[in-house]
Amino acid sequence: MTQNATPAELQTRAEWLAKEGVVGVTIVWADNNGIPRSRTVPVAQLAAAAQRGVGITTLFAVFDSHDGITFAHDGLSTPSGDVRLIPATDRIVHLAGQRGFAWVPGRQVAADGSEWPYDQRSALERQVARAADLGLKFLAGYELEFHLSHAEPAPDRTLRQAHEGPAYGPLALLAVDAFATQLLRDLADNAVEIGQFHAEYGPAQLELSIAAADPVTAADQQLLARQTIHAAAQAHGLRASFAPLVNTEGVGNGWHLHTSVSRNGVNVLSGGDGPHGLTADGSAYLAGLLRDLPAIAAVTAPSVPSLHRLRPGYFSSAYAFWGVENREAALRLVPATELLGADHANVELKPSDASANPYLALAVVISAGLAGIADGLVAPEPVQSDPGNWTDEQRAQNGIHRLPTTAEEQREALLGNDRVRDALGGDLLGAFAAVRAADHAWAQDKPIDDVVAAHRWRY
Ligand code: GLU
Ligand code: MG
């Protein structure tokens, strides 16, 4: 169904969905904490919702990670106002794991139908359009790590893990066989194409990678994949945690973001004369991301637990550097090979997790990358070891800095970067920063274990 389906076409679609057993259409967006929010309309209201939208408060832009509302951002400092949530009806899916519901991503517009500056999906659409004007096309794909436990915790309230490894083992998958079977089937039915699925390194951890797509689709699919995973888990008495950290100790859940850029259909990250097959544009793209990494990470790994996840030695990235297939690097170049072909080349952003808004994460990555290309930057030599094992002097000599670890460093990185400001726009950036401040204030006097636990089921 096309974006501009007529009301009559949507009415037919709604009738068809109703015949299939759908009673409600859930319109979903992600807020500035990466938390999915939604409104559901009866299926018969689909055409009306597409035309007029559903009224929601303007304040969703200033919801924090704990459903608190901050009034610290000037643009949204009163409880008055309404925005309209419009379903992107070309993306409607009858949910395989929730047969009574259809799912559709939403876009927020102002009450008069004009652009709402706080809408995250529109921010990404603007960057995609900017890239297109420059003759560049992006592909993106999220990789989702999550922790799976039994829905009922142990008597002492600790989580009962759904599998006990071994990491990457088929035995671990066997332990969650019924869930895994339903998940792969439901993802296929929901048209979320995945590359692969495996038991990950961490305790009771699993991972799936979503196939590369245009950026808006990639973000939509990331939201749909979450809903699909949660539904499959629930159907089997399990519970999935997507939080950056499930417990303070141990491995976190990264939602690494893979991107590639092409010009005239040719991937700029491969086939060039530069080192590692990079073209000049490819090198500039990488250098653009590197230049803005602290600010990018403030958007792509923004929560309080995110800051704790980014530790050396966990493959989660702690330092701002790039490497070729270096799993400790914040930017990992996955180069093209003869076996895999030129299209395969991409850059993986490691400081990225479920507490990021998937649209904003891509918007800032694209914006920083385009700026790198416009400025003709040249990437430095890659780092192939782990700077976490170096001395402070060695890191200083090589110009390698830790990514922000405190609220203050994060705020400084976020607000001090003109390219991130341009990508988000002043209003959205202001709301985003206010939400971060609210989150940090909430966490300030609490033990980190409690903070991590409070984020565990939010995503
Ligand atoms: N779990 C790691 C993280 O927090 C990533 C491990 C890997 O897949 O490289 O990002
Ligand atoms: Mg992984």
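The values are calculated or read from the model by the stated rules, or taken from the named source; none is laboratory data. Keep in mind that what you see is a predicted model, and the values were worked out from it rather than measured. With ideal geometry, Cβ positions are generated from the backbone for all residues, glycine too; neighbour counts draw on all protein chains shown. With ligands, DNA and RNA removed, areas are computed over all heavy atoms of the protein, side chains included. Shrake-Rupley method; radii C 1.70, N 1.55, O 1.52, S 1.80 Å.
So if each residue of separation counts as 0.36 nm, and I subtract the Cα-Cα distance between GLU164 and ASP427, what length gain in nm does that give?
90.1 nm
Excluding residues fewer than 8 places away in the same chain, name every one of the aspartates and glutamates whose C-alpha is closer than 15 Å to that of LYS137.
GLU125, ASP214, ASP281, ASP343
For labels at LEU340 and ASP189 in the simple 7 Å Cα→Cβ model, what's the distance in nm?
Inter-label distance under the simple model: 3.3 nm.
Highest mean first, what order results for 184-192, 131-139 on Cβ atoms within 10 Å?
Going from most to least packed, we get 184-192, 131-139.
Counting each DSSP H run of 4 or more residues in the chain as -39500 (n - 2.57), what helix-only mean residue ellipticity at 222 nm follows after dividing by all residues, to the nearest 500 deg cm²/dmol?
Calculated at 222 nm, the ellipticity per residue is -11000 deg cm²/dmol.
If you stretched the chain out fully between PHE71 and ALA280, how much longer would it get, using 0.36 nm times the residue separation minus the C-alpha to C-alpha distance?
Net length gain for the segment: 70.7 nm.
Going highest first, how would you order 278-288, 378-388 by mean Cβ packing within 10 Å?
278-288, 378-388
Extending each Cα 7 Å along its Cβ direction at SER80 and ALA132, get the distance between those two points in nm, one decimal.
Rounded to a tenth, the inter-label distance reads 3.8 nm.
Give, rounded to the nearest 20 debye, the magnitude of the charge dipole that the chain has about its Cα centre when Lys and Arg contribute +1 at Cβ and Asp and Glu contribute -1 at Cβ.
Values: 34 positive and 52 negative charges, 167 e Å.
The dipole magnitude comes to about 800 debye.
Tell me which aspartates and glutamates have Cα within less than 19 Å of LYS446's Cα, excluding those fewer than 8 residues away on the same chain?
Counting by Cα, and skipping residues close in sequence, LYS446 has these aspartates and glutamates nearby: ASP64, ASP67, GLU249, GLU408.
Quick one: what are the phi-derived ³J(HN,Hα) couplings along the range 423-428, Karplus 6.51/-1.76/1.60 with θ = phi - 60°, whole Hz, x for glycine and proline?
For the range 423-428, the Karplus curve yields 5, 8, x, x, 5, 5 Hz.
At a Förster distance of 22 Å, what's the computed FRET efficiency of HIS150 paired with PHE197, Cβ-Cβ distance as r, to 0.05?
0.65
How much of the calculated P(r) for the chain lies past 36 Å, in percent of all Cα pairs?
Values: 26925 of 105111 pairs.
Pairs farther apart than 36 Å: 26 percent.
Taking the Kirkwood radius as the inverse of the mean 1/r across Cα pairs, report the Rg/Rh of the range 288-385.
That ratio is 0.97, to two decimals.
For the range 212-289, what is the accessible area per residue in Å² when the probe is 1.4 Å?
Per residue, the range 212-289 has 31 Å² of solvent-accessible surface.
Of all the accessible heavy-atom surface of the chain, with the other protein chains kept in place and a 1.4 Å probe, what percent is carbon and sulfur?
C and S atoms contribute 52 percent here.
Stick to Cα atoms and the Kirkwood definition of Rh, then tell me Rg/Rh for the range 304-459.
Rounded to two decimals, Rg/Rh equals 0.98.
For the range 12-104, what is the accessible area per residue in Å², given a 1.4 Å probe and the full set of protein chains?
Per residue, the range 12-104 has 40 Å² of solvent-accessible surface.
Please give the length that would be gained between ALA111 and ASP450 if that part of the chain were fully extended, namely 0.36 nm times their separation in residues minus their C-alpha to C-alpha distance (nm, one decimal). Before the final figure, lay out each step's value.
On the way: separation 339, 0.36 × 339 = 122.04 nm, distance 3.90 nm.
Extra length from ALA111 to ASP450 when fully extended: 118.1 nm.
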